[in-house]
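Okay, so here's the structure we're looking at.
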Amino acid sequence: MNRHAWLKSSVALAVTLAASSANANGLSINEQSASGMGTGFAGRSSSAEDASTLFGNPAGMSRLDRTEISGGFATIFASTDISDAQGALPGSNDGDMVPNAVVPFGYLVTPLNDRWHAGFGVYAPFGVISDYEKGFQGRYHGLYSKVQVVTLQPTLSYQINDRVSVGFGPTINQIKGKLTRNSPHAVAPGVGPDTNVNVRGDDIGYGFNAGVLVDLTEQLRWGLTYHSKVDYTLEGRTRVQGSVAPGLNGNYDASLDFTSPESIDTSITWEMDPRWTLYAGATWTRWSRLDKIVIENDGVNPAYQGRIGAIEEDMQWDDILSWAIGASYQLTPQWVLRAGFTSDPSPTNDTHRTVRVPVSDRQIFSLGAGWDVTPDLTLDVAYSYLYESKGEINTSDYTAEFQNSAHGLATQATWRF
């Protein structure tokens, strides 16, 4: 194995935007609303229950009669089981590499007149933190990853007529990332101390969210939301320490071009009667954008230019279609109960899965409740359990089976005035 093969997986500076513990597959985070989480986000683009619709479908702001502020957070408790591990290196496979994580969100929506609404949202569409133990057997493919993406979204919606509304919001997305991994000693893998590699980078990218919401009947609504791609050029530095290769240790200017995929979300909300409401939805995500990523490092010693000057990584991810169903029951005028189920396929497979993004097909079970404390204050809570099928890691020097699971708790408060 080339002692600089770490670069082939340092695409994770962009790719590991994945939150392997969050309730969405690939690189996405779903936790932008506790009220939506209770139904498995089945009616995300059609329910428009509170100000969090700014993310789910900006056209839904037209259904809000008063100024609303919604804010909250989700806490993720994840675990990973690693089995049947084999590799060229000695080492451990504890699997406890995903610390508990908190995902915050907040929204403000206000009517401007009978037809126009304005809003502003802050949320996290992508994010990851993974921290393998120091002696992890697959450490040549990844040790520590932390990426944070924060999005700001100013938004407008317009009520075209009594049945149709539209919404649009540009997104301002800041990404920061840190990646570490070990590489083999210059002589051979397992001979002498490992070389430590540390990569940092950041950028700001721009995109938009747009949606349409249609009242098909008095009881049935249909929504469609488009989340655009976002282009990033992460710039920072690559630091190499501990190498015995002459002239390799030091800092290098690094850059990586990455495009997050666009997605289309559609759903229906059916208010069957005063107590029961049913939801169904589907989301298509263009993960095939992650076909190949190229990392550029400048200032490299000419002796190593061919190895660390420019490295390509084949991802070969596939587009996916996830779906969800859910229901809510109005127990009393003040209390509503929710439940949902989500099926979320993985964009990767046993051939291309990596230790940084060891995701597989997911099934998510959700429960939630909403309490109207007063006409001006609503509290929402939700719980989700995520179960993931086993997925194989197959590299030239490390193979293993990974199986992830997670518990998620979310809470949200909505004020109206």
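The values are calculated or read from the model by the stated rules, or taken from the named source; none is laboratory data. Note that the structure is a prediction, hence the values are computed from the model and not measured. Note: ideal-geometry Cβ built from the backbone for every residue, glycine included; neighbour counts use all protein chains shown.
If you go through region 146-169 one residue at a time, do you hit one that is buried (at least 24 other Cβ atoms within 10 Å of the Cβ), farther than 22 Å from Thr414 by Cα and modelled with pLDDT under 95?
Yes, that holds for at least one residue.
Does region 340-379 hold any residues that are touching a residue at least 24 places away in the same chain (Cβ under 8 Å), part of a strand (DSSP E or B) and under 22 Å from the mean Cα position of the chain (by Cα), and which are they?
Gly340, Phe341, Thr342, Asp344, Arg362, Gln363, Ile364, Phe365, Ser366, Leu367, Gly368
Identify the single condition in (1) surrounded by fewer than 24 Cβ atoms within 10 Å (Cβ to Cβ); (2) in contact (Cβ under 8 Å) with a residue 24 or more places away in the chain that Leu112 does not satisfy, given that it satisfies every other one.
(2)
How many of the residues in region 112-171 are acidic (Asp, Glu) and farther than 30 Å from Arg356 by Cβ?
From region 112-171, those acidic (Asp, Glu) are 114, 131, 133, 162; that's our starting set.
Among the residues that remain, those that are also farther than 30 Å from Arg356 by Cβ are: 114, 162.
Of the residues in region 112-171, 2 are acidic (Asp, Glu) and farther than 30 Å from Arg356 by Cβ.
Has region 71-81 got any residue that is part of a strand (DSSP E or B), touching a Lys or Arg at 6+ places or on another chain (Cβ under 6 Å) and buried (at least 21 other Cβ atoms within 10 Å of the Cβ)?
no
For region 230-270, how many residues meet the condition of being closer than 23 Å to Asn173 by Cβ and among the aromatic types (Phe, Trp, Tyr)?
Selection size over region 230-270: 2.
Yes or no: Gln363 in contact with a helix residue (DSSP H, G or I) (Cβ under 6 Å, 6 or more places away or on another chain) and over 15 Å from Asp81 (Cβ atoms)? Let's see the steps before the verdict.
Values: in contact with a helix residue (DSSP H, G or I) (Cβ under 6 Å, 6 or more places away or on another chain): no; over 15 Å from Asp81 (Cβ atoms): yes.
No: the conditions fail for Gln363.
Suppose the filter is at pLDDT 90 or above, more than 20 Å from the chain's Cα centre (by Cα) and under 27 Å from Phe73 (Cβ atoms); does Val109 pass it?
Against the criterion (at pLDDT 90 or above, more than 20 Å from the chain's Cα centre (by Cα) and under 27 Å from Phe73 (Cβ atoms)), Val109 qualifies.
Checking Asp376 against (1) of a type in the set (D, E, K, R); (2) out of contact with any helix residue (DSSP H, G or I) (no Cβ under 8 Å at 6 or more places or on another chain); (3) within 30 Å of Thr180 (Cβ to Cβ); (4) surrounded by fewer than 21 Cβ atoms within 10 Å (Cβ to Cβ), which single condition isn't satisfied?
Going through (1) of a type in the set (D, E, K, R); (2) out of contact with any helix residue (DSSP H, G or I) (no Cβ under 8 Å at 6 or more places or on another chain); (3) within 30 Å of Thr180 (Cβ to Cβ); (4) surrounded by fewer than 21 Cβ atoms within 10 Å (Cβ to Cβ) one by one, Asp376 breaks only (3).
Using beta carbons and a limit of 6 Å, which pairs, at least six apart or on different chains, have the first residue in region 380-398 and under 25 Å from Gly368 (Cβ atoms) and acidic (Asp, Glu) and the second one at pLDDT 95 or above and assigned to a loop (DSSP other than H, G, I, E, B)?
Partner pairs satisfying both residue conditions: none exist.
List pairs: first residue in region 122-148 and free of Cβ contacts under 8 Å to residues at least 40 places away in the same chain, second residue of a type in the set (S, T, N, Q) anywhere in the structure, Cβ distance under 6 angstrom, at least six positions apart or on different chains.
Between residues of region 122-148 that are free of Cβ contacts under 8 Å to residues at least 40 places away in the same chain and residues that are of a type in the set (S, T, N, Q), the close pairs are Leu143/Thr180; Tyr144/Thr180.
Mind listing whichever residues of region 281-295 are of a type outside the set (Lys, Arg) and surrounded by fewer than 18 Cβ atoms within 10 Å (Cβ to Cβ)?
Within region 281-295, the first condition is being of a type outside the set (Lys, Arg), and the residues that meet it are 281-285, 287-288, 290-291, 293-295.
Those that are of a type outside the set (Lys, Arg) and surrounded by fewer than 18 Cβ atoms within 10 Å (Cβ to Cβ): Ala282, Trp284, Ser288, Asp291, Val294.
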